[in-house]
Every structure is written in C-alpha cells, then in structure tokens.
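Each remark here refers to the structure printed beneath this line.
The values are calculated or read from the model by the stated rules, or taken from the named source; none is laboratory data. It should be emphasised that the depicted structure is a prediction, and the values quoted were computed from it without experimental measurement. Here the Cβ positions follow ideal geometry from the backbone for every residue, glycine too, while neighbour counts run over all protein chains shown.
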Ligand SMILES: [Zn+2]
C-alpha cells in the first residue's frame with residue numbers, strides 16, 4: 001500500500017530536529033520514502049489529509065509492565081514496599097495466562113490511542129503478550145521478569161530463554177525478546193552472572209530496575225559494599241545492551257559507569273513521583289553522556305501509559321531540580337520519547353524519526369483544538385500542550401492501527417468488557433475480592 005500524508009506539519013526528530021510545514025510524507029509498504037515531498041512518480045493508493053495535523057514519529061515507551069493494566073487503580077497512595085509486596089505481588093502470585101493476555105490487550109489499546117508504537121516490557125507469561133502484539137500491529141521488546149529470591153530463578157530463566165527461541169524476530173520483526181533481571185535486590189550476583197551468560201549467548205539485551213529507591217542503594221552498600229550500578233558494572237552486565245529503569249539514586253561515579261557501558265536509562269517520572277521514590281537526575285546523566293529515554297512503568301504505579309504526560313512531567317521536573325527554566329528543553333524531551341528510546345532498544349537505524357528509509361511508524365495528532373492553538377512552535381506544543389487523546393491516526397510499518405480515533409486492529413468494546421471480567425476473576429482467584 002502506498003500512502004501519502006498531504007500538507008501536514010512534520011516534526012521529523014531528525015539530526016537537525018527539522019520541522020516542515022505544509023509538507024507531505026510518502027510511505028511505500030512498510031517504509032518512509034519521502035519526507036517533505038513524495039518521490040517523483042509516486043502514485044498514492046491512499047491519501048490522508050494532513051491539514052491541521054501534526055505528524056511525528058511513533059513514541060517509544062522504554063519501560064512498562066503492560067499486563068499490569070488489570071491492576072490500574074487497585075493499590076494507590078502507598079509506599080513502594082507495601083505497594084509491591086502487600087498489594088501487587090499477592091495478585092501476581094495468582095496470574096494465569098489469560099490475565100496476562102487480556103491485560104496486554106487493554107494496554108495495547110491504550111498505547112496505540114496515545115501514539116506509542118513501540119514498547120519495552122518486563123513481565124511473566126509473555127507468550128500471551130507476544131501473540132497480542134503480533135495481532136495488534138505494534139512493536140514490542142519483551143523481557144521475562146527474572147529473580148531468584150524465592151527459589152524460582154532457574155525456571156524463570158528457562159522460560160525467558162524459551163520465549164527468545166519462540167518469538168525473537170517474529171511478526172515481521174516487530175516482536176523482539178530480551179532478558180529481564182528484575183533488579184539487583186531480587187537477583188543474587190551468581191544469578192545475574194548466569195543471566196549475563198545467556199544474554200551474551202543469545203546476543204540479546206537486558207532490562208533491569210536500578211537505583212529506584214534510596215533504601216535499595218543503602219541495602220546494596222551494606223550487602224555488597226557497592227551501589228546497584230557498581231554491582232551490575234562489576235559483574236559485567238553493561239557489556240551487553242542494557243536498559244536501566246529509573247536510575248534515580250546515581251552519583252557521579254555511577255553515572256560514569258553507565259556512560260562507559262552499553263546502557264540507556266529509562267526515566268519514569270510519574271511512577272517515581274507517585275511512589276515517592278524521587279526524581280532522576282536526567283540532565284546530569286545526559287551531561288555525562290548517558291542516553292536517556294522515557295517510560296511509563298506499569299499502570300499500577302502511574303496510573304496510565306501516556307507518554308505525552310511523561311514528556312510534560314520530565315521537562316518540568318528537571319527545570320525545578322536544576323533551578324533552571326532552560327533545563328531540558330522541549331526538543332530534547334521529544335527526542336527522549338522517540339529517537340532516544342529507539343537507540344535504547346538498538347532500533348535507531350529503523351525507527352524513532354521521520355526519515356527516508358525508516359519503518360513507517362507514524363503518529364498524526366489533531367491540532368484543530370483550542371488547547372493547541374495557535375501553533376507557534378509545534379515541538380513545544382507536543383511537549384507542553386498536547387494530550388494523548390489528541391492522537392487521531394497511528395501507523396506502524398505503514399499499516400493503520402488507529403484511524404480518525406477508531407482502533408482498526410482491536411475491538412475496543414469487547415476488550416473493555418473482557419478486562420473487567422478478567423480482573424474480577426483474578427481478584428477472586430487470589431482471595432482478594
Ligand atoms: Zn518497573
């Protein structure tokens with residue numbers, strides 16, 4: 001299918017952060033073939049009107065637990081440890097494949113509606129998620145959650161490796177698989193070494209929570225004589241591409257280790273604030289050469305999967321943290337949500353910007369709305385004024401997943417009913433109605 005988006009404002013997020021007005025975007029099959037104007041002789045089969053539309057690359061969510069949508073608004077206004085151990089984990093202990101599948105389907109609908117075309121997941125029973133990703137049409141890097149604090153380490157690692165064997169590179173390459181050591185506090189050093197060995201054998205990436213709370217860092221110093229970042233670096237984990245979620249409590253030495261390793265940080269401002277964990281030093285990390293991307297974390301601690309909200313918050317928090325209103329400008333925040341996320345996943349040659357030759361992962365936002373007028377600066381508009389619900393049309397690999405606010409690959413009515421029903425079953429099964 002050849003598609004032409006005509007007369008739009010294109011926010012390209014290319015190396016020069018170009019914004020093109022009254023411009024066309026041409027897509028042939030799954031690729032972008034023209035940015036600004038269609039190539040000579042291009043005859044579109046489908047034309048999308050771009051007037052009053054802002055067109056941007058699909059957003060990349062680098063840290064989430066997609067199926068936790070079933071726990072949205074279930075455990076709120078709690079500190080991190082009681083939230084995790086007394087509320088979330090008792091439900092997770094009773095998860096069945098169908099819970100994970102329906103939770104993922106609900107999450108995928110929310111991602112697509114909010115302009116997110118690629119996400120990085122860490123969870124359990126991910127065959128179900130992979131299957132849903134394949135049919136919903138988005139892009140996902142799925143990482144089985146791994147921990148050995150409760151005697152399940154070997155079984156979880158076997159499941160994580162099995163997922164790689166079954167799903168890596170499937171669904172036209174949209175599904176990829178990494179390994180997800182939960183955190184240095186739920187994984188022993190010996191187990192982390194074993195995971196690293198498997199990651200090197202499979203040539204896959206790691207997805208790990210790091211330095212999320214002050215308590216975690218103190219405990220790591222007491223137990224290992226090192227910070228969590230030092231421990232992971234010491235074990236050699238940063239030899240393989242790693243996405244470190246949170247990185248809130250990182251000192252100058254930690255930041256140097258992150259920049260020297262093959263590490264990107266996933267910044268999750270909503271979750272970090274809601275659990276009162278803190279504010280990651282994003283500007284300091286970037287100044288030290290660390291690639292910083294954005295994530296939402298799971299819907300149980302956010303409580304949505306809305307990257308527009310994360311962009312907004314990320315910018316505002318750094319301004320206050322640095323006592324500098326010029327800190328982390330909109331242009332950089334938009335890069336965090338797009339090309340930096342692609343880079344974190346090793347996909348920056350393929351997605352993350354509107355450039356000729358890249359996969360056609362494209363978001364159109366309806367700017368004919370009071371809160372988006374006038375349009376002095378389209379990038380500032382995206383970061384400071386836009387809402388996820390302004391997204392009207394979404395394409396991945398040139399295929400339309402959302403068209404004028406209507407989901408094309410998911411049946412929204414039935415999935416909402418299924419999510420309610422499945423949540424009831426999960427609560428009953430876990431004895432927590
Ligand atoms: Zn998380």
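The table below lists the values:
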| quantity | calculated |
| --- | --- |
| Failed item, numbered, when residue 218 is tested on (1) more than 24 Å from residue 335 (Cβ to Cβ); (2) in contact with a helix residue (DSSP H, G or I) (Cβ under 6 Å, 6 or more places away or on another chain); (3) away from the ligand (no atom under 16 Å from the Cβ) | (2) |
| Residue ranges of strands (runs of 3 or more DSSP E) in region 1-110 with at least 1 members at pLDDT 95 or above and farther than 29 Å from residue 127 by Cβ | 2-11, 19-28, 31-36, 46-49, 53-57 |
| Qualifying residue in region 308-321 (condition: touching a residue at least 40 places away in the same chain (Cβ under 8 Å), assigned to a loop (DSSP other than H, G, I, E, B) and either away from the ligand (no atom under 16 Å from the Cβ) or surrounded by fewer than 24 Cβ atoms within 10 Å (Cβ to Cβ) (or both)) | no |
| Leading residue by the ranking (farthest from the ligand (Cβ to nearest atom)) among those in region 44-67 that are surrounded by 15 or more Cβ atoms within 10 Å (Cβ to Cβ) and more than 21 Å from residue 138 (Cβ to Cβ) | 44 |
| Complete set of residues in region 350-366 that are surrounded by 15 or more Cβ atoms within 10 Å (Cβ to Cβ) and out of contact with any helix residue (DSSP H, G or I) (no Cβ under 7 Å at 6 or more places or on another chain) | 350, 354, 355, 358, 359, 360, 361, 362, 363, 364 |
| Wholly within region 214-263, helices (runs of 4 or more DSSP H) carrying at least 3 residues that are more than 21 Å from the chain's Cα centre (by Cα) and under 19 Å from residue 199 (Cα atoms) | 228-235 |
| Hey, residue 226 modelled with pLDDT of 95 or more and surrounded by 22 or more Cβ atoms within 10 Å (Cβ to Cβ) or not | no |
| Of residues in region 72-103 being within 18 Å of the chain's Cα centre (by Cα) and within 15 Å of the ligand (Cβ to nearest atom), the one farthest from residue 352 (Cα to Cα) | 72 |
| Enumeration of residues in region 275-305 that are surrounded by fewer than 19 Cβ atoms within 10 Å (Cβ to Cβ) and either under 18 Å from residue 233 (Cβ atoms) or within 13 Å of the ligand (Cβ to nearest atom) (or both) | 284, 288, 289 |
| Which numbered condition residue 343 fails, given (1) loosely packed, with under 15 Cβ neighbours inside 10 Å; (2) touching a strand residue (DSSP E or B) at 6+ places or on another chain (Cβ under 9 Å); (3) assigned to a helix (DSSP H, G or I) | (1) |
| Test: residue in region 383-399 that is assigned to a loop (DSSP other than H, G, I, E, B) and over 19 Å from the mean Cα position of the chain (by Cα) | yes |
| Within region 129-151, considering residues that are under 16 Å from residue 98 (Cβ atoms) and in contact (Cβ under 8 Å) with a residue 60 or more places away in the chain, the one nearest to the chain's Cα centre (by Cα) | 129 |
| Residue count, region 260-274 (criterion: within 22 Å of residue 60 (Cβ to Cβ) and either surrounded by fewer than 17 Cβ atoms within 10 Å (Cβ to Cβ) or in contact with a strand residue (DSSP E or B) (Cβ under 6 Å, 6 or more places away or on another chain) (or both)) | 8 |
| Counted residues, region 378-407 - those being in contact with a strand residue (DSSP E or B) (Cβ under 8 Å, 6 or more places away or on another chain) and either on the phi > 0 side of the Ramachandran plot or surrounded by fewer than 15 Cβ atoms within 10 Å (Cβ to Cβ) (or both) | 5 |
| Count of region 161-174 residues which are closer than 12 Å to residue 202 by Cβ and out of contact with any helix residue (DSSP H, G or I) (no Cβ under 8 Å at 6 or more places or on another chain) | 3 |
| Checklist (1) farther than 23 Å from residue 205 by Cα; (2) at pLDDT 95 or above; (3) surrounded by fewer than 20 Cβ atoms within 10 Å (Cβ to Cβ) applied to residue 151, failing item | (2) |
| Residue in region 362-371 that is free of Cβ contacts under 8 Å to residues at least 40 places away in the same chain and in a loop (DSSP other than H, G, I, E, B) present | yes |
| Some residue of region 24-43 being surrounded by 17 or more Cβ atoms within 10 Å (Cβ to Cβ), within 27 Å of residue 397 (Cα to Cα), within 16 Å of the ligand (Cβ to nearest atom) and without any contact (Cβ under 8 Å) to a residue 60 or more places away in the chain | no |
